[in-house]
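Trainee: Please read through the structure below; I'll follow up with questions.
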Amino acid sequence: MMHRPLIEGRTLNYLRSGQGFFEGTLGQIEREATAAGVPVIPAETAHFMQTLFYGIQPEQVLEVGTAIGFSAAVMLAAMGPTGHVTTIDRFDVMREHAQTNFKRLGITNQVTLMAGEAAEILPTLTGPYDVIFLDGAKAKYLDFLPDCLRLLQPHGYLLIDDIFQGGTIFNSPKTIKHRNKAIHRKLNQLLDHVFRAPNLQASLLPLGDGLLMITPR
Ligand SMILES: C[S@@+](CC[C@H](N)C(=O)[O-])C[C@H]1O[C@@H](n2cnc3c(N)ncnc32)[C@H](O)[C@@H]1O
């Protein structure tokens, strides 16, 4: 959630603009998303992902939560010409918009856009993927974890966005609004699990609304 950063003032300003802006069509798509209120990854998360991707050069990436395709395009921009992103969204309007944006960027042949509920699609995939990015269905991240670990390369990364929930994630459940209770409970269960699991190495990064980074041990 780019509108609820935990870091304020000049530091946030630098994270959002000091690291540089996306240029050309990608920058245009970022501005269109902001103007339309589509919750795409914030600049600091996008820059982190590109830095990671330039370093590890993933070939196959899986994403849950395409929206208008901004994060998929950010990832592909830092992948080689043979890189491929498989991305899932259940919302037709978002997928149509994403398809248009992939055409604008000339990356249609590097994207597989899957329609439907991630909980139904993930078990059908075989992978493997070098990176998996979860950015939708926050209450289901914990349920997705077994499939994600099955699909991930042994030295791959699982990145999970929007963990902090605007800084409310560690508040007492009693203070959480009814509509957010399931997300609050399941995200806390996810954190308890990944930081105790002997087969996982995880780190919580204060980028945007919190990015959880997991790799198998
Ligand atoms: C935060 S937006 C994704 C933003 C995108 N990753 C970006 O940064 O450009 C979340 C998207 O996830 C999709 N979504 C939410 N729950 C889902 C589910 N259970 N299965 C598939 N897609 C889902 C929504 O339709 C929405 O488009």
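The values are calculated or read from the model by the stated rules, or taken from the named source; none is laboratory data. Model, not experiment: these values are computed from the prediction. Keep in mind that these areas ignore ligands, DNA and RNA; they rest on the heavy atoms of the full protein, side chains included. Shrake-Rupley method; radii C 1.70, N 1.55, O 1.52, S 1.80 Å.
Trainee: Please list 66, 215 in order of solvent-accessible area, largest first, computed with a 1.4 Å probe with all protein chains present.
Mentor: Values: 66 0, 215 30 Å².
Reading off the accessible areas and sorting them downward yields 215, 66.
Trainee: Ok, one more. List every residue whose amide H lies under 5 Å from the amide H of residue 90, counting only residues 5 or more places away in sequence or on a different chain, with H placed 1.01 Å from N in the peptide plane.
Mentor: 116
Trainee: Let me ask another. To the nearest Å, what is the center-to-center distance of the range 56-107 and the range 127-193, using C-alpha atoms only?
Mentor: For the range 56-107 versus the range 127-193, the Cα centre distance is 20 Å.
Trainee: Here's another thing I want to ask about it. For the chain, what's the relative contact order in percent, using C-alpha pairs closer than 8 Å and at least 6 residues apart? Write down the numbers at each step before the final one.
Mentor: Numbers: 371 pairs, mean separation 42.5, N = 217.
It comes to 20 percent, rounded to a whole number.
Trainee: Any chance you could look up the accessible area of residue 92 with a 1.4 Å probe, heavy atoms only, rounded to 10 Å²?
Mentor: That residue has around 80 Å² of solvent-accessible surface.
Trainee: Cut-off under 17 Å on the C-alpha distance; same-chain residues fewer than 8 positions from residue 174 excluded. Which lysines are left, in chain and number order?
Mentor: Within reach: 186.
Trainee: Classify the chain as rounded, prolate or oblate from the Cα gyration tensor: take a ≥ b ≥ c as the square roots of its eigenvalues, call it rounded if a/c is under 1.5, otherwise prolate when a/b beats b/c and oblate if not. If you can, show how the numbers build up before the last one.
Mentor: Numbers: a/c = 1.41, a/b = 1.14, b/c = 1.24.
It comes out rounded by the Cα gyration axes.
Trainee: What list of ³J(HN,Hα) couplings, whole Hz, do you get for the range 58-64 from phi and the Karplus terms 6.51, -1.76, 1.60, once you set θ to phi - 60° and write x for glycine and proline?
Mentor: The phi angles translate into x, 9, 10, 10, 10, 10, 10 Hz.
Trainee: Sticking with this structure for a sec: Per residue of the range 115-125, in order, report the coupling 6.51 cos²θ - 1.76 cosθ + 1.60 (Karplus, θ = phi - 60°) as ³J(HN,Hα) in whole Hz, putting x for Gly and Pro.
Mentor: Those phi angles translate into 9, x, 7, 4, 4, 8, 7, 3, x, 8, 7 Hz.
Trainee: Whole-Hz Karplus ³J(HN,Hα) for the range 181-198, in order, using 6.51 cos²θ - 1.76 cosθ + 1.60 and θ = phi - 60°, x for Gly and Pro?
Mentor: So the Karplus estimates, Gly and Pro as x, are 4, 5, 4, 4, 5, 6, 5, 5, 5, 4, 4, 4, 5, 5, 7, 10, 5, x Hz.
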